[in-house]
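We did not get these values from a lab; they are worked out from the coordinates using the rules stated. The structure presented is a predicted model; accordingly, all values stated were derived computationally and were not measured. So basically every Cβ, Gly included, is an ideal-geometry build from the backbone, and we count neighbours across all protein chains shown.
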2 protein chains.
Amino acid sequence: MVERILSIQSHVAFGYVGGKAAVFPLQCLGYDVDVVNTVNFSNHAGYRRSGGSKTNAAELNSIFESMEANELLSPTRLLTGYIPGAEALTAIGQLAAKLKKRKPELIYLLDPVMGDAGRLYVAPDVVPVYQSMLSLASVITPNWFEAETLANMTLHDLASLRKALTVLHKDYGVPNVVISSIPLTTWLADLLPSNIRPPPEEHSDHLLCMSSSWSATQEKPTIHAGCVPLIPGYFSGVGDLFSALLLGQFKPEQGDHPDGVTPLSSATSHALTKTHAVLTVTYKYSETLPPDERQASDEEKDDAEPMRRIRRMRGRELRLIQCQDIIRGAELAELREMHPWIGLWDI
Amino acid sequence: MVERILSIQSHVAFGYVGGKAAVFPLQCLGYDVDVVNTVNFSNHAGYRRSGGSKTNAAELNSIFESMEANELLSPTRLLTGYIPGAEALTAIGQLAAKLKKRKPELIYLLDPVMGDAGRLYVAPDVVPVYQSMLSLASVITPNWFEAETLANMTLHDLASLRKALTVLHKDYGVPNVVISSIPLTTWLADLLPSNIRPPPEEHSDHLLCMSSSWSATQEKPTIHAGCVPLIPGYFSGVGDLFSALLLGQFKPEQGDHPDGVTPLSSATSHALTKTHAVLTVTYKYSETLPPDERQASDEEKDDAEPMRRIRRMRGRELRLIQCQDIIRGAELAELREMHPWIGLWDI
């Protein structure tokens, strides 16, 4: 089968977030990618000022309708990311429903880009629209805050983690959930099997990634987890890159391996490995820049001198182009394996 | 020097023309590419119906101004392609002038996308704006009709060809002119040196590509030419791909070789080789499609049955993703060399 991905997310002229972080890697992996831009901005929001415009629902529908009329709307995979506003998101939800109805085997990775670190950065009326779309998704990739928002609960202990996964899988009908870049709090680290858990004194220097697959024939979801060393500082577009690599390498037709590896855990391992490798290269590059382009994050100083923030952002744009051999797999990085999280449901 | 290209051209969701034909190849060649979209359409105009919207001059300026304010506007190379309307083109011309003034060594490839085969497909008031921008360009890549339009004369014999090149180089101040995909009429074939000219019975099965470099220290331009076999049928985006590959592989700092190869002729050889290889793969692919997706071009039948045209267009979208090893140079195609066109000025 010829694979073709429809990617619907933001576009920035400079740098790598949204579609700019997702499309090139997917092309490198061999996919033809149809690209619909939900915004056309000069740069990402982290710079604090940007120019350009958003694509409204009418423009999106005009693009979808012409693609449909021209028989250009038959992707095998769908990827959606940042979509500003409930009206545009609703239009994209209707498209996803149509594509899924027409082709039930469509692999839809929905990245519910809504906020981070306790803060919503989309309008609140976007949340219920995302919730209504979850049943269409094959895979979702919320961050920790987005998982809390979708499941409508705070994750603070084993019981709430179990409950949230159950809500996402069983109530909302999502077969695959991947949460990456999870700050490894003590309670979470304590839950991890010993082969996944970093040494206690290094907990806070790691991020956790967990994947959870569930089908109606299973009583409990299959959970995998892995830890990666934390790279200091904030980098934009990492989640967009991760989601794209996850979708590009997800091969559900391969089924579960006898050793416990599932299609989701395998794709997550590869996406995590490549994303971490790109981020490492980006971090090392940013460290070679002149001092005023690599000053530490400091909101107060940044607010007093906006160019300070802007130069740091510019120096931390993902080194995607320079890492294309890593993305393509021609240059191998050590595989960051996901391990079965045995016992999560039994403790 | 870290190289960075600013590409300003059209965007289509499906298929490969404009930025979709140019950006991925440039990224494969290792360039960070800043991407400003002059239109956001569902598909290229050859399908005859498309949805989406054009980016107006105010939106373009908003993007440029924010990039400028954020110190994100320092490309080493500039690539401009299809720009609908004189107002948007004027905004881009002003940007090009500013970039060139700030960095005189900026390499600007201006592709004056205006029409083909005797037909203008932009508004006529675009032509003088392009003419006013020519002095900013390092390289221009008009097709035959566009060269005629810019020089404001019909090319029908040796004298008019010499005159047009003189006008473009000396009156408009363009150092490098490349005209590709020239139908090899008899008078043109007769002018070619024997090592470039195809056998007489095969003239019409070839296209001519010519490159012409000139600097103020030279009395006459240095002309190179090469022929490639004609691939039957019409394919969109070929010129956009060719221009991108030409810009990406143009290394003026290398200077002329003793054997007569110039930076322009060398870049043209490589761009021609890769473009022809991609087109060959695309043609062979289109020949494997079901009969109703590969019917011959026939305006009358297409008008009676629009889906006939649409399916042919879809089957002839460039196979860029499948040809990425060719573009990258990892998979070598036989080099289609440009040869010095000795005697053009002496005959």
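Show me, bin by bin at 5 Å from 0, the whole-percent P(r) of the stretch A:74-139 based on Cα pairs.
Here the calculated profile for the stretch A:74-139 is 4, 18, 31, 23, 15, 7, 3, 0.
What lysines could a cross-link reach from B:Lys251, if we take a straight Cα to Cα line under 26 Å and drop same-chain neighbours fewer than 8 places away?
The reachable lysines, counting only those whose Cα sits under 26 Å from B:Lys251, are B:Lys20, B:Lys98, B:Lys100, B:Lys101, B:Lys103, B:Lys170, B:Lys220, B:Lys274.
Using a label position 7 Å from Cα in the Cα→Cβ direction, what is the ascending list of nm distances from A:Thr166 to the same site in the other copies?
8.8
Rounding to the nearest 20 debye, state how big the charge dipole of chain A is about its Cα centre with +1 on each Lys and Arg Cβ and -1 on each Asp and Glu Cβ. Could you put the intermediate results ahead of the total?
On the way: 31 positive and 40 negative charges, 103 e Å.
About 500 debye.
Could you tell me which chymotrypsin sites (Phe, Trp or Tyr not before Pro) in the stretch B:89-193 are loop residues by DSSP with no more than 14 other beta carbons within 10 angstrom of their beta carbon? Provide the component values of the computation, followed by the final result.
Values: sites: B:Tyr108, B:Tyr121, B:Tyr130, B:Trp144, B:Phe145, B:Tyr172, B:Trp187; in loops: B:Tyr121, B:Tyr172.
Taking the stretch B:89-193 and a limit of 14 other Cβ atoms within 10 Å, the loop chymotrypsin sites (Phe, Trp or Tyr not before Pro) found are B:Tyr121.
Under the √(5λ) rule applied to the eigenvalues of the Cα gyration tensor, what semi-axes describe the equivalent ellipsoid of the stretch B:69-111? Give them in Å, descending.
Numbers: eigenvalues 67, 31, 17 Å².
So the three semi-axes of the stretch B:69-111 are 18, 13, 9 Å.
What FRET efficiency do you get for B:Asp259 and B:Asn56 if R0 is 35 Å and r is their Cβ-Cβ distance, rounded to the nearest 0.05?
Efficiency, from the Cβ-Cβ distance: 0.10.
If you count the DSSP beta bridges with both ends in the protein assembly as shown, what percent of them are antiparallel, to the nearest 5? Don't skip to the end; give the middle numbers.
On the way: 42 of 82 bridges.
Once the DSSP bridges in the protein assembly as shown are tallied, antiparallel ones form about 50 percent.
Using a ≥ b ≥ c from the Cα gyration tensor of the stretch B:271-343 (square roots of the eigenvalues), is it rounded, prolate or oblate, where a/c under 1.5 gives rounded and otherwise the larger of a/b and b/c decides, a/b for prolate? Show your work: numbers first, answer last.
On the way: a/c = 3.69, a/b = 1.80, b/c = 2.05.
Oblate is the answer for the stretch B:271-343, as a/c is 1.5 or above yet b/c matches or exceeds a/b.
So what J values fall out for the stretch A:9-24 if you push phi through Karplus, 6.51 cos²θ - 1.76 cosθ + 1.60 with θ = phi - 60°, rounded to Hz, Gly and Pro as x?
With coefficients 6.51, -1.76 and 1.60, one gets 7, 6, 10, 10, 5, 10, x, 10, 9, x, x, 5, 8, 9, 6, 4 Hz.
For the stretch A:250-259, just list the computed ³J(HN,Hα) in residue order, Karplus coefficients 6.51, -1.76 and 1.60, θ = phi - 60°, integers in Hz, with x standing in for Gly and Pro.
My calculation for the stretch A:250-259 gives 7, 10, x, 5, 6, x, 6, 8, x, 7 Hz in order.
Mind checking B:48-55 for the average number of partner chain beta-carbons within 10 Å of each residue's beta-carbon? Show your work: numbers first, answer last.
Numbers: counts 1, 4, 7, 13, 10, 8, 0, 3.
Average neighbour count from other chains, rounded to a whole number: 6.
What is the antiparallel percent of DSSP beta bridges lying wholly in the stretch B:4-340, to the nearest 5?
Values: 21 of 41 bridges.
Beta bridges within the stretch B:4-340, antiparallel portion: roughly 50 percent.
Looking only at B:Arg314, B:Arg197, B:Arg49, which one moves most when chain B is put into a Gaussian network model with springs between Cα atoms under 10 Å?
Among B:Arg314, B:Arg197, B:Arg49, the largest mean-square fluctuation in the Gaussian network model of chain B belongs to B:Arg49.
Let a ≥ b ≥ c be the square roots of the eigenvalues of the Cα gyration tensor of the stretch B:11-102; is it rounded (a/c under 1.5), or, if not, prolate (a/b larger than b/c) or oblate? Provide the component values of the computation, followed by the final result.
Working: a/c = 2.15, a/b = 1.33, b/c = 1.62.
Here the stretch B:11-102 falls in the oblate category.
Just to be sure I understand: with springs between alpha-carbon atoms less than 10 Å apart, which residue in B:Val36, B:Val178, B:Val17 has the highest mean-square fluctuation in the Gaussian network model of chain B?
Comparing B:Val36, B:Val178, B:Val17 in a Gaussian network model of chain B, the most mobile one is B:Val36.
If you build a Gaussian network model of chain B, linking Cα atoms that sit under 10 Å apart, which residue out of B:Gly237, B:Gly248, B:Gly329 swings the most?
The residue with the greatest mean-square fluctuation here is B:Gly329.
Need one value for A:56-65: mean number of C-beta atoms belonging to other chains within 10 Å of its residues' C-beta atoms.
Details: counts 1, 0, 2, 4, 3, 1, 7, 11, 4, 3.
The mean count of partner-chain Cβ atoms within 10 Å per residue comes to 4.
Taking θ as phi - 60°, what are the ³J(HN,Hα) couplings along the stretch B:167-175 by the Karplus curve (6.51, -1.76, 1.60), each to the nearest whole Hz, with x for Gly and Pro?
4, 5, 6, 8, 6, 8, x, 8, x
Hey, got the average number of other protein chain Cβ atoms within 10 angstrom for residues in A:38-47? Walk me through the numbers before you get to the answer.
Details: counts 0, 0, 11, 3, 13, 7, 0, 0, 0, 6.
Whole-number average of other-chain Cβ neighbours for A:38-47 is 4.
With the label 7 angstrom out along Cα to Cβ, how close does A:Ser135 come to the same site in each of the other copies, in nm, nearest first?
Spelled out, the distances from A:Ser135's label point are 6.6 nm.
Could you work out the pair-distance distribution P(r) of chain B from its alpha-carbon pairs, with 20 angstrom bin width and percents rounded to whole numbers?
For chain B, the binned pair fractions read 30, 61, 9 percent.
Packing-wise, with mean Cβ within 10 Å as the measure, how do B:266-277, A:109-120 rank, highest first?
Working: B:266-277: 24.5, A:109-120: 18.9.
Per-residue mean Cβ counts within 10 Å order the peptides as B:266-277, A:109-120.
Distances from B:Leu332 to the same position in the other copies: list them in nm, one decimal, shortest first, using label points 7 Å from Cα along Cα→Cβ.
B:Leu332 label point versus its equivalents elsewhere: 2.7 nm.
Once the Cα gyration tensor of the protein assembly as shown is found, what semi-axes does its equivalent ellipsoid get, as square roots of 5 times the eigenvalues, in whole Å, sorted largest first?
Numbers: eigenvalues 463, 149, 105 Å².
Listed largest to smallest, the semi-axes of the protein assembly as shown are 48, 27, 23 Å.
Based only on the alpha carbon positions, what is the Kirkwood hydrodynamic radius of the stretch B:163-299, in angstrom? Let's see the in-between values first.
Values: mean 1/r = 0.0602 Å⁻¹.
With all distinct Cα pairs of the stretch B:163-299 included, I get 16.6 Å.
For the stretch B:4-340, what is the relative contact order in percent, using Cα pairs closer than 8 Å and at least 6 residues apart in sequence?
Values: 594 pairs, mean separation 53.9, N = 337.
So the answer I get is 16 percent.
Positive end of the charge dipole of chain A (Lys, Arg +1 and Asp, Glu -1 on Cβ, about the Cα centre): tell me which of A:His203, A:Ile5, A:Ser138 has its Cα farthest that way.
Toward the positive end, the furthest listed residue is A:Ile5.
For the stretch B:55-203, what is the convex hull (Cα atoms) projected area averaged across all directions, in square nanometres? Write out the running numbers ahead of the final one.
Values: hull surface 40.1 nm².
About 10.0 nm², averaged over all directions.
Counting helices only, and only those DSSP H runs with n ≥ 4, report the 222 nm mean residue ellipticity of chain B as the sum of -39,500 (n - 2.57) divided by its residues, in deg cm²/dmol to the nearest 500. Intermediate values should be presented prior to the final figure.
On the way: 12 runs with 129 residues, N = 347.
The helix contribution divided over chain B gives -11000 deg cm²/dmol.
Can you give me the distance in nm between label points at B:Trp187 and B:Arg4, each placed 7 Å from the Cα along the Cα-to-Cβ direction?
Placing both labels 7 Å along Cα→Cβ, they lie 4.8 nm apart.
Charges only on Cβ, +1 for Lys and Arg, -1 for Asp and Glu: so what's the dipole of the stretch B:169-298 about the Cα centre, in debye to the nearest 20? Could you put the intermediate results ahead of the total?
Working: 7 positive and 14 negative charges, 64 e Å.
Dipole magnitude for the stretch B:169-298 comes out near 300 debye.
Report, in debye and to the nearest 20, how large the dipole of the protein assembly as shown comes out about its Cα centre when Lys and Arg carry +1 and Asp and Glu carry -1 on their Cβ.
Working: 62 positive and 80 negative charges, 90 e Å.
With only Lys, Arg, Asp and Glu charged at Cβ, the dipole is about 440 debye.
Counting other Cβ atoms within 10 Å, which GluC sites (Glu not before Pro) in the stretch B:170-227 have at most 11 and lie in a DSSP loop?
B:Glu219
Of B:Thr76, B:Trp187, B:Ala86, which is farthest on the positive side of the dipole of the stretch B:4-340, counting Cα position, with +1 on Lys and Arg Cβ, -1 on Asp and Glu Cβ, and the Cα centre as origin?
In the stretch B:4-340, that residue is B:Thr76.
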